[in-house]
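For reference, the structure is listed below as structure tokens.
The values are calculated or read from the model by the stated rules, or taken from the named source; none is laboratory data. All values derive from a computational prediction rather than experimental measurement. Cβ placement follows ideal geometry from the backbone for every residue including glycine, while neighbour counts extend to all protein chains displayed. These accessible areas exclude ligands, DNA and RNA; they are computed on the full protein's heavy atoms, side chains included. Shrake-Rupley method; radii C 1.70, N 1.55, O 1.52, S 1.80 Å.
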Amino acid sequence: MTRGLLIAAPSSGSGKTTLTLGLLRALKRRGVNVRGAKSGPDYIDPRFHAAACGAPCPNLDAWAMGLDRLRALAGGERDGDTLIVEGAMGLFDGAPPEGKGACADLARLFNIPVILVVDASRMAGSVAPLVAGFVAHDPSVHVAGVILNKVGSERHKTMLLRALAPSGLPVFGALPRSSGLTHPDRHLGLVQAGERPDLEAFLNAAADAVEAALDVEAILALAAPITGTERSPRIPPPAQSVAVAQDQAFAFAYPHLLTDWRDQGAEIRFFSPLANEAPPPCDLVYLPGGYPELHAGRLAASHVFLQGLREAAARRQVYGECGGYMVLGDGLIDADGVRHKMAGLLALETSFAARKLHLGYRHAVAASGPFPGPWMAHEFHYASTIKATGQPLFAVRDAEDADLGSQGLINGAVSGSFLHLIDRA
């Protein structure tokens, strides 16, 4: 049986990711069968988790996924392993109106303890009422201990421990402030794991810091049993054979979807547009999200890829999601205002010259295309749509059920949208 615990925090920016990565690597070095998981719709952190512990890291999305899906992903395939779930944002931060999808939901669903990571860099005695508030806020969420992060000195640590002592809540350690353990980031989050040449050194440094400052054995002993299930839903593949773009420009494909397709007999074949590879023979070409805006010039010059994509569209289905959707359009304007010609398969023009954040969970329904029917989805991008002409693909509502109108385009066998599809509704 899998045992698990949740690493959470009062807010984003508290250092959960670095701490989780250090803990995963430290446990792996000790020979523990350990896996990571990430709460919510995140493509980047799970790849860091996988690199840290050598095991696949699923997304556990309490807004978009049902209980059977969540239990199947959390339960894993290895008996007797430990699951370290990294929360997103603050412990109780979820989608409006009720806060559904917060990482606290996972703690309730799995009945696992929470370790609260507190950024103590700008506080001393105030840490006590902050922690007490999180402990008392919801009795169904068991905050079992604290890790103090970004501690300035031994004196600062003593002040914090003294303030927390009356609560009786375990403090598993205090990590000192360290500029060497920061992540470079960009507009959608951290720089991807595959783009860091120093990744192994960084993970080992994070593990060294965790080993030096935290009671790793006490943290491991806190993990509680998670009840798995064999009844995971399976999303049918959109085609018998699927060519999936995969490189630094197209890295945002959910592993659970690809696994569903494979488990039902679909053949998944990968190719790299940045390496100027044409899609291999298939029934459907899938361009997932990523960072095409950072590689727009290189993609525009990848004539084998673009011509192969156009030829594929003449005889098979082509689908683009978020970044992939932009590449299917006529042109993409980068952050410097330079327009790059894209595939020209949809009457779509997008721009990063004037960035605008689009963020939130979505209910989406498609009447046609390779992913028909109702979906739970997420939108997160900074692109502005300059032009989108043609038949829309999805009817969309937000998490509060407000009508957002239509989104995406479909033109014959070619379709796409900015939505990241997560699970069937």
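Within the range 230-251, can you find the residues that are open to solvent by 10 Å² or more (accessible area, probe 1.4 Å) and more than 18 Å from Pro370 (Cα to Cα)? Once the filter is applied, which keeps residues that are open to solvent by 10 Å² or more (accessible area, probe 1.4 Å) and more than 18 Å from Pro370 (Cα to Cα), the range 230-251 yields Glu230, Arg231, Ser232, Pro233, Gln246, Asp247, Gln248, Ala251. So, Ala314, is that one open to solvent by less than 10 Å² (accessible area, probe 1.4 Å) and not charged (D, E, K, R) or not? Here the answer is no, as Ala314 does not meet what is asked.
Being closer than 15 Å to Lys16 by Cβ, surrounded by fewer than 23 Cβ atoms within 10 Å (Cβ to Cβ) and touching a residue at least 24 places away in the same chain (Cβ under 8 Å) holds for only one residue in Gly75, Gly90, Gly80, and it is Gly90.
Can we say Val216 is closer than 21 Å to Ala174 by Cβ and either acidic (Asp, Glu) or open to solvent by less than 40 Å² (accessible area, probe 1.4 Å) (or both)? Here the answer is yes, as Val216 does meet what is asked.
In the range 126-152, the residue that is surrounded by the fewest Cβ atoms within 10 Å (Cβ to Cβ) out of those that are part of a helix (DSSP H, G or I) and touching a residue at least 12 places away in the same chain (Cβ under 8 Å) is His137.
Filtering the range 392-405 to residues that are within 18 Å of Tyr325 (Cβ to Cβ) and surrounded by 15 or more Cβ atoms within 10 Å (Cβ to Cβ) leaves Pro392, Leu393, Phe394, Ala395, Val396, Leu404. The helices (runs of 4 or more DSSP H) falling completely within the range 28-116 that include 2 or more residues that are over 26 Å from Asn149 (Cβ atoms) map to 67-75. Can you tell me which residue in the range 167-204 is least open to solvent (accessible area, probe 1.4 Å), limited to those that are at pLDDT 95 or above and at positive phi? Ranking the candidates gives Gly173 first. If the condition is being in contact with a helix residue (DSSP H, G or I) (Cβ under 7 Å, 6 or more places away or on another chain) and part of a helix (DSSP H, G or I), then the range 261-293 contributes Pro273, Leu274, Pro292. When the range 365-410 is filtered for residues that are within 14 Å of Trp63 (Cα to Cα) and not charged (D, E, K, R), the ones remaining, listed by number, are Trp375, Met376, Ala377, His378, Ala399. Residues that are surrounded by fewer than 19 Cβ atoms within 10 Å (Cβ to Cβ) and either within 13 Å of the chain's Cα centre (by Cα) or over 14 Å from Thr82 (Cα atoms) (or both) within the range 30-55 comprise just one, Ala50.
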